[in-house]
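The structure appears below as structure tokens.
Since every read-out is calculated from the coordinates, none of them should be taken as a lab result. Since we're looking at a predicted model, the values are computed, not measured. Cβ placement follows ideal geometry from the backbone for every residue including glycine, while neighbour counts extend to all protein chains displayed.
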């Protein structure tokens, strides 16, 4: 199940959905002009293992989003990108 949707380029955030259908509905409706990548939970944790994250929980909503994760890349990753 690829229910993690990472949005953006400069300011990364991830939305966690209850299932693929919720992620599909959200991306079809809201991501036509936004770069995004879908991940399973294991893929997401592996890809962002060294990032600092802030988790915000959602209440009931139409796409079954459970959480918003604000992703701050680790300092060494930002320094490598700047070099």
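Quick notes on this structure:
- Contact order for the chain, expressed relative to its length and based on alpha carbon pairs under 8 Å spaced 6+ residues apart, stands at 35 percent.
- Relative to the dominant Cα principal axis of the chain, helix 20-30 is inclined by about 80°.
- Cα coordinate range in the chain, projected on the principal axes (Å, largest first): 41, 24, 21
- The modelled label-to-label distance between residue 35 and residue 57, using points 7 Å beyond Cα along the C-beta direction, is 3.3 nm.
- Each of residue 42 and residue 13 was given a label point 7 Å from its Cα along the Cα-to-Cβ line. The distance between the two points is 2.9 nm.
- 222 nm mean residue ellipticity, helices alone, for the chain (DSSP H n ≥ 4; -39,500 (n - 2.57); rounded to 500): -8500 deg cm²/dmol
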